[in-house]
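**Q** I'd like to ask you about the structure that follows.
Values in this text are rule-based calculations from the coordinates and carry no lab data. Fair warning: this is a prediction, and the values are worked out from it, not measured in the lab. Reconstructed Cβ throughout: ideal geometry from the backbone, glycine too, with neighbour counts over all protein chains shown.
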């Protein structure tokens, strides 16, 4: 069925069309807020409706769907009846188990991709495993919104991007930097820090002895662990 996409209007119960026209939903319509995907999907399929979305930055957020109150009430009642059955409960359990299994498989695949990207010298294998686990734990939770959750790029690229992002926050002063509000400046800083992270990773790949003062090692090794390696990793710059 037909449906139009709008943005929120200047006042409650109004929407703004693509050409800027302000409209009021038809009489008898109500706004179904986001949150119940099955209900929203069925309401959209049932007949005329208006979709309300709002873009903030690069992301688009749903603000709900306008549709006839009678249609929403009927479909909601049908869904509640379905969800109260034993068959539905068993299907939900089976679906959850299937999702958990798929997620566990992806976490394992992603951690392996991270470890492969790191390609540390055998002398630093233990640290590589720690780093792969730390990055995976941070990047793979469902709903985290990290690059690891996207399917638009190969897992190898996701792994690389996730490592650089983790290092930016854990081994540099990025989170405390005062970056001027100039277009492109934050991107420039991130590129600079990414280059430094790549240089540090390169040292581990070459098998260079890197000691406890290294920001990467400090972020991964527990404080009470004794490290007897030579310290020759330059401190992270704070400029």
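**Q** Any idea what angle helix 86-118 forms with the longest principal axis of the chain, computed on alpha-carbon atoms, 0 to 90 degrees, nearest 10?
**A** Value to nearest ten degrees: 30.
**Q** Still on this model: For the chain, what does the relative contact order come out to in percent, with C-alpha contacts under 8 Å and a separation of six or more?
**A** It comes to 13 percent, rounded to a whole number.
**Q** Here's a follow-up. Which peptide among 165-171, 88-94, 137-143 comes first, and what is the full order, when sorted by highest mean count of other Cβ atoms within 10 Å?
**A** Ranked by mean Cβ neighbours within 10 Å, highest first: 165-171, 137-143, 88-94.
**Q** Please compute the contact order of segment 3-83 in relative form: average sequence separation of alpha-carbon pairs under 8 Å and at least six residues apart, divided by the residue count, as a percent.
**A** With pairs under 8 Å counted, the relative contact order is 31 percent.
**Q** Using only alpha carbon pairs under 8 Å that are at least six residues apart, calculate the relative contact order of segment 89-220 and give it in whole percent.
**A** The value is 28 percent.
**Q** While we're here: Under a crude label model (7 Å from the Cα following the beta-carbon direction), how far is residue 106 from residue 192 in nanometres?
**A** Rounded to a tenth, the inter-label distance reads 3.5 nm.
**Q** So what's the angle, to the nearest 10 degrees on a 0 to 90 scale, between helix 37-46 and the longest Cα principal axis of the chain?
**A** 40
**Q** Give the angle, between 0 and 90 degrees and rounded to the nearest 10, that separates the Cα long axis of helix 155-170 from the longest principal axis of the Cα atoms of the chain.
**A** 70
**Q** Can you tell me which of 126-136, 61-71 comes out highest on packing, and rank the rest after it, using the mean Cβ neighbours within 10 Å?
**A** Ranking the peptides 126-136, 61-71 by packing returns 126-136, 61-71.
**Q** Scan (i) 0.94; (ii) 1.13; (iii) 1.02 for the value of Rg/Rh (Cα atoms, Kirkwood Rh) calculated from this model and give just the label.
**A** Checked against the structure: label (ii).
**Q** Separation between the residue 142 and residue 175 pseudo-spin-labels, each 7 Å from Cα along Cα→Cβ, expressed in nm?
**A** Rounded to a tenth, the inter-label distance reads 2.6 nm.
**Q** Students often get this wrong: which residues of segment 61-100 have the backbone nitrogen under 11 Å from the point 7 angstrom along Cα-to-C-beta of residue 36?
**A** Within reach of a label on residue 36, which here means backbone N under 11 Å from a point 7 Å along Cα→Cβ, segment 61-100 contributes 72-83.
**Q** Would you look at the GNM of the chain, springs on alpha carbons closer than 10 Å, and say which of 177, 193, 23 moves the most?
**A** 23
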